[in-house]
Amino acid sequence: HRPQAVQAVYSMILKDHPELFYAAPSFSATVSPVEMRLQLSYLYEKNERKRLRGEMETHRRTLKKLSDQPELTVEKAILGGLVCQSEYAVDMMYHQNAAAVLCGHKGQCSGFSGALKFLMDALQIQCIITEGTVADPTTGKRMPHEWNIIRLSSGWYHVDVTMMLGANGEKKKPL
């Protein structure tokens, strides 16, 4: 059962550090009585990782120009940008990280929550990724889902970019 506990910790690290977008969400483990060896893999080749890292850093630098604005103004600008420039797309491997959303403008809930965390971290606004389930509106079937909880001076707020995107077919700013 140790590999499952290690997988849970590894997943938490990836959620807390969306800049590690290139790391595959799972790993293989070899366990012996005295050690555990982990084999990690990358989602992207070296040149692609470098390109995506550069694009993400450009987003971070651009965003820092807003750091003197009121935090609610900044949050609205970030959410508006994510919703208006992105689309929901299912790819169980490549749309699950911040780079897919910030650089490719496509993602799933984990990609959107990672992108928002990456941008909030750039502004030193406390943001965490949380997970739970959501019901499919047509079937009622519950499925895994991720969203953010951010802390503004007025309190903690649940923010779900995926749901904002799904309810915003006209690509208008959500707030």
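The values are calculated or read from the model by the stated rules, or taken from the named source; none is laboratory data. Bear in mind the structure is a predicted one, so any value in this text is a computation, not a measurement. When we count neighbours, we look across all protein chains shown, and the Cβ atoms used for this are built from the backbone with ideal geometry, even at glycine. Please note that ligands, DNA and RNA were not included when accessible areas were found on the heavy atoms of the full protein model with its side chains. Shrake-Rupley method; radii C 1.70, N 1.55, O 1.52, S 1.80 Å.
Over all directions, average the projected area of the Cα convex hull of segment 5-73 and note it in nm².
The directionally averaged projection comes out at 6.7 nm².
Once you charge only the Cβ atoms, +1 for Lys and Arg and -1 for Asp and Glu, what is the size of the charge dipole of the chain about its Cα centre, to the nearest 20 debye? Before the final figure, lay out each step's value.
Values: 21 positive and 18 negative charges, 51 e Å.
The calculated dipole for the chain is roughly 240 debye.
Given H placed on each backbone N at 1.01 Å, which residues far from E87 in sequence or on other chains put an amide H within less than 5 Å of it?
Long-range HN contacts for E87: K106, G107.
Looking at the chain only, what percent of DSSP beta bridges run antiparallel? Nearest 5 please.
About 90 percent, rounded to the nearest 5.
For V9 and Q126, what is the calculated FRET efficiency with R₀ set at 25 Å and r taken between the beta-carbons, to the nearest 0.05?
My answer for the efficiency is 0.75.
Please work out the average accessible area per residue across segment 53-159, using the 1.4 Å probe convention, and give it in Å².
Here the residues of segment 53-159 average 53 Å² of exposed surface.
So how much slack lies between D16 and R51, counting 0.36 nm per residue of separation and subtracting their Cα-Cα distance, in nm?
Numbers: separation 35, 0.36 × 35 = 12.60 nm, distance 2.18 nm.
Gain in length upon complete extension: 10.4 nm.
Compute a Gaussian network model of the chain, connecting alpha carbons closer than 10 Å, and tell me which residue from P25, P144, P33 fluctuates the most.
It is P33.
In the chain, what percent of the accessible surface is made up of carbon and sulfur (1.4 Å probe, ligands and nucleic acids excluded)?
C and S fraction of accessible area: 55 percent.
Could you order S110, S154, S26, S32 so the one with the most accessible surface comes first? Probe is 1.4 Å. Could you put the intermediate results ahead of the total?
Values: S110 15, S154 85, S26 65, S32 40 Å².
Largest accessible area first, the list is S154, S26, S32, S110.
For V9, V34, give me the order by solvent-accessible area with a 1.4 Å probe, most accessible first, ignoring ligands, DNA and RNA. Don't skip to the answer; put the middle values down first.
Numbers: V9 80, V34 135 Å².
My answer, sorted largest first, is V34, V9.
Identify, among I150, V31, Q85, the residue whose Cα sits farthest towards the positive end of the charge dipole of the chain, taking +1 on the Cβ of Lys and Arg and -1 on the Cβ of Asp and Glu, with the dipole about the Cα centre.
Looking along the dipole axis, the top candidate is Q85.
Just subtract the alpha-carbon distance of F27 and C84 from 0.36 nm times their residue separation and send over the number in nm, one decimal.
17.1 nm
Relative contact order for segment 17-175: what is it in percent, counting Cα pairs under 8 Å that are at least 6 residues apart?
Result for segment 17-175 is 20 percent.
Can you list the residues, at least 5 places off or on another chain, whose amide H is less than 5 Å from the amide H of V134, using H built in the peptide plane?
The answer is M143, H145.
So how much slack lies between Y42 and M143, counting 0.36 nm per residue of separation and subtracting their Cα-Cα distance, in nm?
33.8 nm
Order of 100-106, 12-18 by packing, highest average Cβ count within 10 Å first? Provide the component values of the computation, followed by the final result.
Numbers: 100-106: 21.7, 12-18: 16.3.
Answer by packing, highest mean first, reads 100-106, 12-18.
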